[in-house]
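The values are calculated or read from the model by the stated rules, or taken from the named source; none is laboratory data. Please read all numbers here as calculations on a predicted model, not as lab measurements. Methodologically, a virtual Cβ is constructed for each residue, glycine included, from the backbone with ideal geometry; neighbour enumeration extends over all protein chains shown.
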Amino acid sequence: MYGLGSDSAVSGRAALDLRGAVAHGRGAVAVTDKASTSLPGVQAYEWSLGERFDRILRKLPYAVFQCASLPLVRVALERAVRRARPDVVVFHESTLAWVVIPVARRVGARSCLVVHALVAGHHAQNVKPYDRLTMAIFRSSNRYALKHSDRVVCVSHHLANVAESAGAPSERIRVVPNPVDVDRFSGGLDEDRDIDVLFVGRLAIEKGIDTLIRAVAPLSGQARVVIAGDGGERPRLESLAAEVGATVTFAGWVRQAELPALVRRAHIQVMPSRSEGHPVVALEALAAGTPVIASRVGGVPETVVDGENGFLVERDDVDGLRKAIKAALSDRERIDKMRASARSAAGRYSPATIAQLADAAYLG
């Protein structure tokens, strides 16, 4: 896998798989890069491109970097399976299928792909988040992984439907949502909520932040709006905010250690995405008692219930999003009552619960 020690949702889910295996008394082995952190009870087999090549290749599109590193990943995986003789090999990136599936078959292990997003899902929602080369690589690796993995574990029912339509045999598909550390986000609930509108996530085209900026422009001076995150779209979004007169604070990337306190400061969290699988940021907001205003896309409606723990609007609907934000800011008593429902909804996704579901999906 890539980046076991990073802050991404994929990394967090991979770490949960390993911790869950250990908690269930199973042996757990990770094939990961040298930048990754170790986990208690997990044997790690590391691969590395070397500092020079790593520095060069990480400047390339992520899919190209993944493909370039596959020969080294295969060497580390071969070494791991020879020693560990696993029953299951779980992987979270479809490009890894080209090495994982043949190796797993040779040692009689089950190959399990965990699906966080699919090119077919982006395409169905008319979202093109990658350049042409990256799209081509992911389209090819998605097709191979979905067709040939022994088990396809999707993070939402929406993605399960997309996976089946994209070639995954229905009998191999399981749904295991993403987890959230409820205790970590629910502490300190008496903190002042001095941020009116908060966005947390990558500054990427599929996240729809331009819609949020246009929606809050008329509210400048009336609401404090914070966009926390970084990415290639930041310069364009900053220019857009200046163009439409939106008073927005770009807070940059927030470290995981600081994230819970930030989310607990928000009156509402907005997620105007154009495409989603099962967003962890929504779960984190709900765990913090922060209602979510989100686009009705992907697996979002499986967690955010309109009028109960948040509000759903149509994607790219600037006026609809603005109305939802204004309604939430003008009726703070209603939002305060939603906080208990938000925390209750997040409780269904505790790491222990999801680890049990994952164990059954991989081994059952």
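Things to note:
Conditions tested, residue by residue: (1) among the aromatic types (Phe, Trp, Tyr); (2) under 20 Å from the mean Cα position of the chain (by Cα); (3) at pLDDT below 95.
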residue: ASP196; (1), (2), (3): no, no, no
residue: ALA215; (1), (2), (3): no, no, no
residue: ASP230; (1), (2), (3): no, yes, yes
residue: GLU258; (1), (2), (3): no, yes, yes
residue: HIS278; (1), (2), (3): no, yes, yes
residue: LEU283; (1), (2), (3): no, yes, no
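- Pairing residues of the stretch 217-233 that are more than 18 Å from GLY201 (Cα to Cα) with residues that are outside any helix (DSSP H, G or I), at Cβ distances under 7 Å and at least 6 apart in sequence or on separate chains, gives ALA217/GLY245; ALA217/ALA246; SER220/GLY245; SER220/ALA246; SER220/THR247; GLY221/THR247; ALA223/ASP196; ALA223/VAL197.
The rows are residues; the columns are (1) under 24 Å from LEU259 (Cα atoms); (2) under 20 Å from the mean Cα position of the chain (by Cα).
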residue: ALA168; (1), (2): no, no
residue: ARG172; (1), (2): no, no
residue: VAL180; (1), (2): yes, yes
residue: GLY187; (1), (2): yes, no
residue: ALA204; (1), (2): yes, yes
residue: LYS207; (1), (2): yes, yes
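- Scanning the stretch 1-35 for residues that are more than 18 Å from the chain's Cα centre (by Cα), at pLDDT 75 or above and not β-branched (Val, Ile, Thr) returns ARG19, GLY20, ALA21, ALA23, HIS24, GLY25, ARG26, GLY27, ALA28, ALA30, ASP33.
- Filter pass, ARG132 being within 26 Å of TYR62 (Cα to Cα) and of a type in the set (Lys, Arg): yes
- Summed over the stretch 135-160, residues that are of a type in the set (S, T, N, Q) and surrounded by fewer than 18 Cβ atoms within 10 Å (Cβ to Cβ) total 1.
- Scan the stretch 238-281 for residues that are assigned to a helix (DSSP H, G or I), free of Cβ contacts under 8 Å to residues at least 60 places away in the same chain and touching a helix residue (DSSP H, G or I) at 6+ places or on another chain (Cβ under 6 Å) and the total you get is 3.
- If you go through the stretch 36-53 and keep only what is within 24 Å of ARG82 (Cβ to Cβ) and either at pLDDT 80 or above or not hydroxyl-bearing (Ser, Thr, Tyr) (or both), you end up with LEU39, PRO40, GLY41, VAL42, GLN43, ALA44, TYR45, GLU46, TRP47, LEU49, GLY50.
- Tallying residues that are closer than 20 Å to GLY12 by Cβ and in contact with a strand residue (DSSP E or B) (Cβ under 8 Å, 6 or more places away or on another chain) within the stretch 153-179 yields 8.
- Among the candidates VAL176, VAL103, VAL115, residue that is modelled with pLDDT of 95 or more, over 30 Å from ILE209 (Cα atoms) and hydrophobic (A, V, I, L, M, F, W, C): VAL103
- Close pairs from the stretch 316-329: first farther than 15 Å from LEU198 by Cα, partner hydrophobic (A, V, I, L, M, F, W, C) and crowded, with 19+ Cβ neighbours inside 10 Å, Cβ under 7 Å, at least 6 apart: VAL318/ALA215; GLY320/VAL313
- When the stretch 283-301 is filtered for residues that are farther than 15 Å from LEU159 by Cβ and either in contact (Cβ under 8 Å) with a residue 60 or more places away in the chain or in a loop (DSSP other than H, G, I, E, B) (or both), the ones remaining, listed by number, are LEU283, GLU284, ALA285, LEU286, ALA287, ALA288, GLY289, THR290, PRO291, SER295, ARG296.
- Listed by first and then second residue, the pairs with beta-carbon distance under 8 Å, at least 6 apart or on different chains, first residue in the stretch 161-180 and under 19 Å from LEU357 (Cα atoms), second modelled with pLDDT under 95 and of a type in the set (D, E, K, R), are ASN178/ARG13; PRO179/ARG13.
- Test result for GLU314, farther than 30 Å from GLY27 by Cα, assigned by TED's automatic domain parsing to the domain that holds ARG193 and surrounded by 19 or more Cβ atoms within 10 Å (Cβ to Cβ): no
- Subset tally (residues that are polar (S, T, N, Q) and either free of Cβ contacts under 8 Å to residues at least 24 places away in the same chain or over 21 Å from ALA360 (Cβ atoms) (or both)) for the stretch 109-159: 6
- Residues that are surrounded by fewer than 19 Cβ atoms within 10 Å (Cβ to Cβ) and of a type in the set (D, E, K, R), drawn from the stretch 16-57: ARG19, ARG26, LYS34, GLU46, GLU51, ARG52, ASP54, ARG55
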